[in-house]
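Novice: Below you'll find the structure I mean.
The values are calculated or read from the model by the stated rules, or taken from the named source; none is laboratory data. Note that the structure is predicted; figures quoted are calculated from it, not measured. Here the Cβ positions follow ideal geometry from the backbone for every residue, glycine too, while neighbour counts run over all protein chains shown. Note: accessible area is taken over every heavy atom of the protein model, side chains too, but ligands, DNA and RNA are not part of it. Shrake-Rupley method; radii C 1.70, N 1.55, O 1.52, S 1.80 Å.
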Amino acid sequence: MKMTPTSKADKKAAYDIAAWTFNIVTSVGIIIVNKALMATYGFTFATTLTGLHFVTTTLMTIALRWLGYIQPSHLPISDLLKFVLFANFSIVGMNVSLMWNSVGFYQIAKLSMIPVSCLLEVAFDKIRYSRDTKLSILIVLLGVAVCTVTDVSVNTKGFIAAVIAVWSTALQQYYVHHLQRKYHLSSFNLLGHTAPIQAVSLLLAGPFVDYWLTNKRVDAFKYDTISLLFLFLSCTIAIGTNLSQFICIGRFTAVTFQVLGHMKTILVLTLGFVFFGREGLNLHVVFGMLIAILGMVWYGNASSKPGGKERRSYSLPKTSQPKKDSLLQPSDTDDKV
């Protein structure tokens with residue numbers, strides 16, 4: 001039975017909502033767990049922890065390949081190394097930026113990822129944004145800035161670290177979408193290619209980077225049952241976080257992932273007040289949240305309209321496309337928002 005356009009659109013919308021919910025739950029969950037792990041139990045080795053996250057993600061892809069859920073696929077070594085380079089610089093750059101900059105400037109740097117991601121889409125994918133879409137992005141940025149930006153102080157090395165972090169993160173997220181489209185890779189396939197190399201490289205470099213940042217050795221940390229439990233929980237949730245990021249960017253784009261991603265910022269702020277005993281939500285934070293949510297709703301409406309966000313030309317090489325696997329395959333990618 002042939003699927004009608006309406007039912008196809010409804011099915012795609014259901015998959016989109018499921019993918020985004022998956023990403024929000026896992027991302028917020030891992031932030032809460034990692035905050036407890038670092039703030040409460042003193043495990044401040046963020047780069048090494050990320051390496052462990054990719055170890056468990058690699059084990060997941062190996063198991064799924066053995067079970068037949070991941071089919072053989074091809075990703076040229078040059079593209080793979082380029083992606084891993086951007087991804088690892090993003091991880092280290094974010095950690096260094098957070099250490100060397102004030103919280104306010106760190107948040108401004110994170111907000112700048114949206115215009116940088118827009119620039120990459122305009123330059124490489126010939127994306128064109130309508131006036132309403134541009135304005136809605138500005139509203140989101142304004143709202144999140146009101147929520148999160150406090151004191152802002154800048155120093156030279158902190159500024160350089162922030163620039164590296166922003167550009168490498170934007171390029172990594174752009175490449176997730178680009179590689180899935182170009183080589184018709186599912187999220188599992190792409191993770192199967194990238195996770196092992198990221199795991200090895202981050203575990204090798206992580207202890208040295210973390211010692212440089214914290215002046216503490218990861219092997220000297222006093223591991224106990226509770227801290228190991230939180231480590232295990234963090235690594236388990238990370239499987240879903242890594243996978244959901246690839247699914248969402250594959251189904252949407254890096255810009256939309258960034259815009260909607262600020263919903264996670266709002267949730268983390270709210271849950272932080274609930275679980276970590278901070279002072280109540282003050283008026284300017286609530287006001288910022290409302291502005292950001294309004295901007296997100298406007299962005300979703302503006303970018304989905306004809307001409308809101310469209311590709312003027314797209315010339316990726318045509319290759320035979322494997323059978324689609326619903327949520328995991330980057331299907332329905334034409335005119336993504």
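Novice: Taking the conditions exactly as written (touching a Pro at 6+ places or on another chain (Cβ under 9 Å) and over 23 Å from Ala19 (Cα atoms)), does Arg181 satisfy them or not?
Specialist: no
Novice: Could I ask something else about it? Regarding Val55, is this residue at pLDDT 95 or above, surrounded by fewer than 21 Cβ atoms within 10 Å (Cβ to Cβ) and touching a helix residue (DSSP H, G or I) at 6+ places or on another chain (Cβ under 7 Å)? Give the derivation first.
Specialist: Details: at pLDDT 95 or above: yes; surrounded by fewer than 21 Cβ atoms within 10 Å (Cβ to Cβ): yes; touching a helix residue (DSSP H, G or I) at 6+ places or on another chain (Cβ under 7 Å): yes.
For Val55, the condition - at pLDDT 95 or above, surrounded by fewer than 21 Cβ atoms within 10 Å (Cβ to Cβ) and touching a helix residue (DSSP H, G or I) at 6+ places or on another chain (Cβ under 7 Å) - is met.
Conditions (1) under 16 Å from Ser303 (Cα atoms); (2) open to solvent by 20 Å² or more (accessible area, probe 1.4 Å), marked per residue:
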position: Leu228; (1), (2): no, yes
position: Thr236; (1), (2): no, yes
position: Ile239; (1), (2): no, yes
position: Ser244; (1), (2): no, no
position: Arg251; (1), (2): yes, no
position: Thr256; (1), (2): yes, no
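Novice: Continuing with this model, one more query. Among (1) in contact with a helix residue (DSSP H, G or I) (Cβ under 8 Å, 6 or more places away or on another chain); (2) assigned to a helix (DSSP H, G or I), there is one condition Phe43 misses while meeting the rest; what is its number?
Specialist: Among (1) in contact with a helix residue (DSSP H, G or I) (Cβ under 8 Å, 6 or more places away or on another chain); (2) assigned to a helix (DSSP H, G or I), Phe43 violates only (2).
Novice: Residue check: is Ser331 open to solvent by 50 Å² or more (accessible area, probe 1.4 Å) and either over 19 Å from the mean Cα position of the chain (by Cα) or at pLDDT below 75 (or both)? Reasoning before the result, please.
Specialist: On the way: open to solvent by 50 Å² or more (accessible area, probe 1.4 Å): no; either over 19 Å from the mean Cα position of the chain (by Cα) or at pLDDT below 75 (or both): yes.
No, not satisfied.
Novice: Among the candidates Leu80, Leu120, Leu59, Leu64, single out the residue that is in a helix (DSSP H, G or I) and free of Cβ contacts under 8 Å to residues at least 24 places away in the same chain.
Specialist: That would be Leu59, the only listed residue that is in a helix (DSSP H, G or I) and free of Cβ contacts under 8 Å to residues at least 24 places away in the same chain.
Novice: Residue under question is Trp212, and the condition is that it be over 15 Å from the mean Cα position of the chain (by Cα) and open to solvent by 40 Å² or more (accessible area, probe 1.4 Å); does it hold? Outline the logic, then answer.
Specialist: On the way: over 15 Å from the mean Cα position of the chain (by Cα): yes; open to solvent by 40 Å² or more (accessible area, probe 1.4 Å): yes.
So Trp212 fits the description; yes.
Novice: Right, here's the next one. I'm told Trp66 meets every condition in (1) more than 28 Å from Val163 (Cα to Cα); (2) open to solvent by less than 40 Å² (accessible area, probe 1.4 Å) except one. Can you identify the failing condition by its number?
Specialist: Going through the list (1) more than 28 Å from Val163 (Cα to Cα); (2) open to solvent by less than 40 Å² (accessible area, probe 1.4 Å), Trp66 breaks only (2).
Novice: Can you find even one residue in the stretch 226-244 that is at pLDDT 90 or above, over 12 Å from Thr48 (Cα atoms) and aromatic (Phe, Trp, Tyr)?
Specialist: Yes, the stretch 226-244 has at least one match.
Every residue, every condition in (1) open to solvent by 40 Å² or more (accessible area, probe 1.4 Å); (2) at pLDDT 75 or above, yes or no:
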{"residue": "Leu269", "(1), (2)": "no, no"}
{"residue": "Phe273", "(1), (2)": "yes, no"}
{"residue": "Gly277", "(1), (2)": "yes, no"}
{"residue": "Gly280", "(1), (2)": "yes, no"}
{"residue": "Leu290", "(1), (2)": "yes, yes"}
{"residue": "Gly295", "(1), (2)": "no, yes"}
{"residue": "Ser304", "(1), (2)": "yes, yes"}
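Novice: Any residue in the stretch 170-193 that is farther than 16 Å from Leu85 by Cα sitting within a Cβ distance under 7 Å of a residue that is part of a helix (DSSP H, G or I) and open to solvent by 10 Å² or more (accessible area, probe 1.4 Å)? List the pairs, counting only those 6 or more apart or interchain.
Specialist: Once the first residue is farther than 16 Å from Leu85 by Cα and sits in the stretch 170-193, its partners that are part of a helix (DSSP H, G or I) and open to solvent by 10 Å² or more (accessible area, probe 1.4 Å) give Ser186/Leu328; Ser187/Leu243; Ser187/Leu328; Phe188/Leu64; Phe188/Leu328; Gly192/Arg65.
Novice: Moving to a separate point now. Of all residues in the stretch 33-52 being hydrophobic (A, V, I, L, M, F, W, C) and open to solvent by less than 30 Å² (accessible area, probe 1.4 Å), which is farthest from the chain's Cα centre (by Cα)?
Specialist: Selected residue: Phe43.
Novice: Among the residues of the stretch 117-129, are any farther than 24 Å from Asn301 by Cβ, at pLDDT below 90 and open to solvent by less than 20 Å² (accessible area, probe 1.4 Å)?
Specialist: Within the stretch 117-129 (the criterion being farther than 24 Å from Asn301 by Cβ, at pLDDT below 90 and open to solvent by less than 20 Å² (accessible area, probe 1.4 Å)), the answer is no, since none of the residues qualifies.
Novice: Also, quick follow-up: Kindly provide the set of residues from the stretch 71-97 that are of a type outside the set (Phe, Trp, Tyr) and surrounded by 20 or more Cβ atoms within 10 Å (Cβ to Cβ), ordered by number.
Specialist: Val84, Ala87, Asn88, Ser90, Ile91, Val92, Gly93, Met94, Asn95, Val96, Ser97 - these are the residues of the stretch 71-97 that are of a type outside the set (Phe, Trp, Tyr) and surrounded by 20 or more Cβ atoms within 10 Å (Cβ to Cβ).
Novice: May I pose another question? With respect to the numbered conditions (1) in a helix (DSSP H, G or I); (2) open to solvent by 30 Å² or more (accessible area, probe 1.4 Å); (3) touching a residue at least 40 places away in the same chain (Cβ under 8 Å), which one is the sole condition not fulfilled by Ile30?
Specialist: (2)
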